[in-house]
Amino acid sequence: MTELWTLTPSDGELLIRTGVTGRAARMGHRLTIAMTRWEATVGWAGAEPVTAELAVEVDSFEVLRGEGGVKGLTGPEKALVRSNALKSLDAGRFAGIRFSARTIEKTGDGYRLTGQLEIRGKSQDHVIDLRTEDLGDAWRMSAESTVRQTDFGVKPYSLLMGSLKVADDVVVSFTATHAKEV
């Protein structure tokens, strides 16, 4: 390996978007959540990436906004959502979420990363299609990937006896910019 890139929240963002299901779904909020402490590392051999890893601190969970619902999401409600999510993720026992690519293949608009995603101590195969864009003096990277919570032993939060639930599938999006070496 000739070069190692390290990306952190100062280089981009890692967001999670949830949906709602159940008979009372219109009462619930579709959430946008930021993970505020994470680090991605990319190892390079010449001009091609050969390793990629992402480590996320579970308790860096911050509710940015909630769309839909009967009324807007208040500060105390955001705190309650955070608390419930940290319980569902068992953050006290499992402080990190990790993705480690086993293979990286070039695609038409970036790279396909195939590897292991670990949440709550449970690992599953996962594929991420990463788009890259040449900005001249920097590279922009972006990806969107769907994760099914129950695949990792996470029970989606519900209330009103299950008539309002967080959807099992959540969408994780990542964007970052890395300056080219001069």
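The values are calculated or read from the model by the stated rules, or taken from the named source; none is laboratory data. Predicted, not measured: the structure shown is a model, and the values here were computed from it. Don't worry about glycine lacking a Cβ; one is built from the backbone with ideal geometry, like all the others, and counts go over all protein chains shown. When the accessible area is computed, the model is the full protein with side chains, heavy atoms only, and any ligands, DNA or RNA have been set aside. Shrake-Rupley method; radii C 1.70, N 1.55, O 1.52, S 1.80 Å.
For the range 103-130, filtering for residues that are assigned to a strand (DSSP E or B) and closer than 23 Å to T150 by Cα leaves 15.
Residue-wise test of (1) among the acidic types (D, E); (2) surrounded by 14 or more Cβ atoms within 10 Å (Cβ to Cβ); (3) over 17 Å from L54 (Cα atoms).
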{"site": "A95", "(1), (2), (3)": "no, no, no"}
{"site": "T107", "(1), (2), (3)": "no, no, yes"}
{"site": "Y111", "(1), (2), (3)": "no, yes, no"}
{"site": "S142", "(1), (2), (3)": "no, yes, no"}
{"site": "Y157", "(1), (2), (3)": "no, yes, yes"}
{"site": "V171", "(1), (2), (3)": "no, yes, no"}
{"site": "E181", "(1), (2), (3)": "yes, no, yes"}
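The condition (being part of a strand (DSSP E or B), over 18 Å from D168 (Cα atoms) and out of contact with any Phe, Trp or Tyr (no Cβ under 6 Å at 6 or more places or on another chain)) is satisfied by just one residue among L4, L15: L4. In the range 149-182, what residues are part of a strand (DSSP E or B) and either at pLDDT below 95 or in contact with a Lys or Arg (Cβ under 6 Å, 6 or more places away or on another chain) (or both)? Residues satisfying the conditions are S158, L159, L164, K165, V166, D169, V170, V171, T177, H178, A179.
Return the only residue of E144, E133 being under 24 Å from T175 (Cβ atoms), in contact with a strand residue (DSSP E or B) (Cβ under 6 Å, 6 or more places away or on another chain), in a strand (DSSP E or B) and modelled with pLDDT of 95 or more.
On the way: E133 fails: modelled with pLDDT of 95 or more.
Of E144, E133, the one residue that is under 24 Å from T175 (Cβ atoms), in contact with a strand residue (DSSP E or B) (Cβ under 6 Å, 6 or more places away or on another chain), in a strand (DSSP E or B) and modelled with pLDDT of 95 or more is E144.
Under the condition of being closer than 18 Å to V42 by Cα and in contact (Cβ under 8 Å) with a residue 24 or more places away in the chain, the residues counted in the range 119-129 number 2. Within the range 46-61, residues that are over 18 Å from S142 (Cβ atoms) and open to solvent by less than 40 Å² (accessible area, probe 1.4 Å) have Cβ atoms under 7 Å from residues that are at pLDDT 95 or above and of a type in the set (S, T, N, Q) in these pairs: S60/T36, counting only partners at least 6 apart in sequence or on another chain.
Kindly provide the set of residues from the range 66-78 that are touching a strand residue (DSSP E or B) at 6+ places or on another chain (Cβ under 8 Å) and either free of Cβ contacts under 8 Å to residues at least 24 places away in the same chain or surrounded by 14 or more Cβ atoms within 10 Å (Cβ to Cβ) (or both), ordered by number. Working first, answer last.
We begin by selecting, within the range 66-78, every residue touching a strand residue (DSSP E or B) at 6+ places or on another chain (Cβ under 8 Å); these are 66-69, 72-73, 77-78.
Residues satisfying the conditions are G66, G68, G69, G72, L73, E77, K78.
Of all residues in the range 82-102, those satisfying the criterion of being free of Cβ contacts under 8 Å to residues at least 60 places away in the same chain and part of a helix (DSSP H, G or I) are R82, S83, L86, K87. Kindly establish whether A34 is out of contact with any Lys or Arg (no Cβ under 8 Å at 6 or more places or on another chain) and buried (at least 19 other Cβ atoms within 10 Å of the Cβ). Taking the combined requirement at face value, the residue does not satisfy it.
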